[in-house]
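Take a look at the structure set out below.
The values are calculated or read from the model by the stated rules, or taken from the named source; none is laboratory data. Model, not experiment: these values are computed from the prediction. Using ideal geometry, Cβ is built from the backbone for each residue, glycine included, and neighbour counts are taken over all protein chains shown. Accessible surface is based on the protein model in full, side chains and every heavy atom, while ligands, DNA and RNA are left aside. Shrake-Rupley method; radii C 1.70, N 1.55, O 1.52, S 1.80 Å.
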Amino acid sequence: MSTQKHLLFYCLLFGGLLLLQSCGSFMRQPIQPRQARLGEETQGTINLKSLPSPKDQIVVAVYKFRDQTGQYKPSENGANWSTAVTQGATTILIKALEDSGWFVPIERENVSNLLNERKIIRSSRNQFNQGNENNQISLPALLYAGVILEGGIISYDANVITGGAGLRYFGAGGSNQYRQDRVTVYLRAVSTSNGKILKTVYTSKTILSQAVDVGLFRFVRFGRLLEAETGFTYNEPSEMAVTEAIEKAVMSMIIEGIEDNLWTLKEPRQIVHKTILEYKKERKRIPQTDMFGRELNNRRRKWSIDAGTSHLLYKGDYPNAVLRTGAEIGLTYSSSPYLGWSLQYGISQMSTEKFFQSDVSYFEGGATYRLLPYDVFSPVLTAGVGMVTENTQNRFDLSNKFYPKAQFGLGLEYMVNDYVGLRITADYNYLFSDEIDQVEQGKYNDFYWRGNIGLRFYLGEKVDSKRKFEYKRER
């Protein structure tokens, strides 16, 4: 009975820990209605308000800035006729223009309502002042815009990235799932005097959806079942994402216009303002950044010298093989961020517990494919061909027969810095002969497994990707 109580206690304790894991959401459950509140400020709003003041505000007109995607919300169960993004992007853009302090937006989206109201005012005044022409007061003229802002929400890409992870053991575990969407906004400024397009910018924003759940399902004793579960889901509001993308587009339009002398700062020396400098740094990183925000900075250079330990496990006609350690050096040339070509030389030993022991040297050439060349940590695939020979007279005796081989494997590489990388690889080496152990037995050739732990010292200049080259040429 005591054992059952202890088991129940530990199960309850584990269930409590699972609850605490998601307590951030659990403790903020909306169990009571809330009053209306002011709209949240995004980071884009803060950046817009921090921009330096203009010499003169620009009067702009926005006729329509709407959803041009025709995209509906993704649904797993049947059709969903709700649009994926807001249909009120014009209002969001006008608010962003006001927050920036650079523009004076004028009403054009519903200009017919404005004109009708002005007609009513004139009619009322005429009736009130009928027969008294001296008291006729005319309406002031409407403001006209020097610039028209056009564009819209161009695309909404659902499920750009989906994934998750989970673990469950003995009735207890948890899982996590996520999905990322992407919204893209284009904005252009058009001169009303000649119709020239002054500047076009575009921005994008990802929209994250995430679900986390943990649970416990356990029989604590016969007929007694303990079950506990909790979790939460988070869906980033698409309206907030659209707002951030539009605010970023407005900020981009302002700074790009300053650089192109379309409009000027009140204080020219404010060109070195912190917000402007941060924008320029971000713009320089764009050619080296993919759509997921990962920096495409190839940390690896064209040439590298490899040095490390080599661990051989012989598999041939003798039983009870023993793992032996040797050394290896190599030279690698990277023709692209993904692909490297290498030459290697190593010394080690093939050995069993009793019957066979041989000092060997090997030469090989091959290719290395990096799956994530722009990341600090990257899996790698290796393949190549080479030769193995036995060293009988001394450790560097190369007078004996060479046995051809082929190898393939995989590994990991971690960049300590731009010049030093730590690599761990394991590969399978197949010999095209069954004679290296001096015994020909069976229908299969000899082979061996090899593990390598070493350092890679990078030299020379970095490998430029095609994308970076094209950007430099355009600039």
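Key figures for this structure:
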quantity: Subset tally (residues that are basic (Lys, Arg) and within 17 Å of His311 (Cα to Cα)) for region 379-404; calculated: 1
quantity: Residue selected from region 390-436 under the condition of a type in the set (Lys, Arg) and over 15 Å from Gly346 (Cα atoms), by the criterion surrounded by the most Cβ atoms within 10 Å (Cβ to Cβ); calculated: Arg423
quantity: Evaluation of Phe447 against (1) crowded, with 16+ Cβ neighbours inside 10 Å; (2) farther than 25 Å from Phe402 by Cα; (3) of a type in the set (Phe, Trp, Tyr) (one fails), failing number; calculated: (2)
quantity: Every residue from region 215-243 that is farther than 30 Å from Tyr156 by Cα, of a type outside the set (D, E, K, R) and under 39 Å from the mean Cα position of the chain (by Cα); calculated: Gly215, Leu216, Phe217, Ala228, Thr230
quantity: Counted residues, region 284-298 - those being open to solvent by 50 Å² or more (accessible area, probe 1.4 Å), under 19 Å from Asn417 (Cα atoms) and modelled with pLDDT of 75 or more; calculated: 1
quantity: Among the residues listed as Val220, Val212, Val201, the single one being closer than 27 Å to Gly70 by Cβ and aliphatic (A, V, I, L, M); calculated: Val201
quantity: Residue in region 330-339 that is farther than 22 Å from Ile436 by Cα, in contact with an Asp or Glu (Cβ under 6 Å, 6 or more places away or on another chain) and surrounded by 12 or more Cβ atoms within 10 Å (Cβ to Cβ) present; calculated: yes
quantity: Yes/no for Ala165 being under 19 Å from the mean Cα position of the chain (by Cα) and hydrophobic (A, V, I, L, M, F, W, C); calculated: yes
quantity: Some residue of region 303-323 being within 30 Å of the chain's Cα centre (by Cα), farther than 17 Å from Arg450 by Cβ and in a strand (DSSP E or B); calculated: yes
quantity: Condition broken by Pro33, with the remaining ones in (1) in contact with a Leu (Cβ under 9 Å, 6 or more places away or on another chain); (2) in a loop (DSSP other than H, G, I, E, B); (3) at pLDDT below 85 satisfied; calculated: (1)
quantity: Residue in region 260-279 that is buried (at least 19 other Cβ atoms within 10 Å of the Cβ), within 30 Å of Asp359 (Cβ to Cβ) and touching a strand residue (DSSP E or B) at 6+ places or on another chain (Cβ under 9 Å) present; calculated: no
quantity: Residues of region 182-199 classified as assigned to a strand (DSSP E or B) and either aromatic (Phe, Trp, Tyr) or without any contact (Cβ under 8 Å) to a residue 40 or more places away in the chain (or both), total; calculated: 3
quantity: Scope region 159-174; condition under 20 Å from Glu236 (Cβ atoms) and either open to solvent by less than 40 Å² (accessible area, probe 1.4 Å) or not in a strand (DSSP E or B) (or both); matching residues; calculated: Gly163
